[in-house]
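Data first, discussion second: the structure below is written as structure tokens.
The values are calculated or read from the model by the stated rules, or taken from the named source; none is laboratory data. Predicted model only: the values in this text are computed from it and were never measured. All Cβ positions, even for glycine, are placed from backbone atoms using ideal geometry, and neighbour counts span all protein chains on display. Surface accessibility is based on the protein's heavy atoms, side chains included, excluding ligands, DNA and RNA. Shrake-Rupley method; radii C 1.70, N 1.55, O 1.52, S 1.80 Å.
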Amino acid sequence: MTIAIRSPDARQSRSSRMGAVSSNTSKVTPISRERRVSRFPQAVNGGGAVAAKVAAVKVLPNRQLKPLWLRSLLSIQRVSSVLTFLLLGCALAIYGSTVYDQQRWSEQYQKLELLRRNEQQLNSASVVLKNQIANTANDPATGLMPQQSGDTIFLVPAPERPAPSSAIKGRGNSQSAKNSMTEIPLGY
């Protein structure tokens, strides 16, 4: 059997809200306001005596009436748990970044070592090529002759030309004369 207590502020009963429900089919038995003490089915003892069990309703303490020290401890617990998760997240991020940085550093160091080996190989190949060119130049079958001092050509520089006087007179001031001098090509 299920027992339900109707609240005093309810304006209508459940049966009137749900429609006309017969009491034969309903498993809920309403209890009036006057009968707040619920009675359970009577149990028959071995001697034939009837015992009634009465259940009392316990009033739970109000959640908002916690002592100040307990509320402060609970708030400290909440703050410390949030800080713990934040610190844990920061520690994991720092650990991940150090691992990632070490991994990238090792990759870059391997590239650097490869570039150093390639540079050494290129330097040695350059020296070998210079040696081969020098040996080829000394071979008389190639037709190359050593340089003689009589074969050198010396060029005499041409004398400087004066600036055109019409460009300087037409401008009038010294600033324009400097600009016109820089515009005139000096030679090739």
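Gain in length, E119 to C90, computed as 0.36 nm per residue apart minus the alpha-carbon separation, to one decimal in nm? Extending this stretch completely gives an extra 6.2 nm.
When the solvent-accessible surface of protein heavy atoms is calculated with a 1.4 angstrom probe, in what order do D139, D101 fall, highest first?
D101, D139
With the simple spin-label model, which puts each label point 7 Å out from Cα in the Cβ direction, the S81 to L65 separation comes to 2.6 nm.
Rolling a 1.4 Å probe over the protein chains gives L129 an accessible area of about 100 Å². The heavy atoms of K111 offer some 120 square angstrom of accessible surface to a 1.4 angstrom probe.
Full extension of the chain between N135 and S106 yields a length gain of 6.1 nm, computed as 0.36 nm times the residue separation minus the alpha carbon distance.
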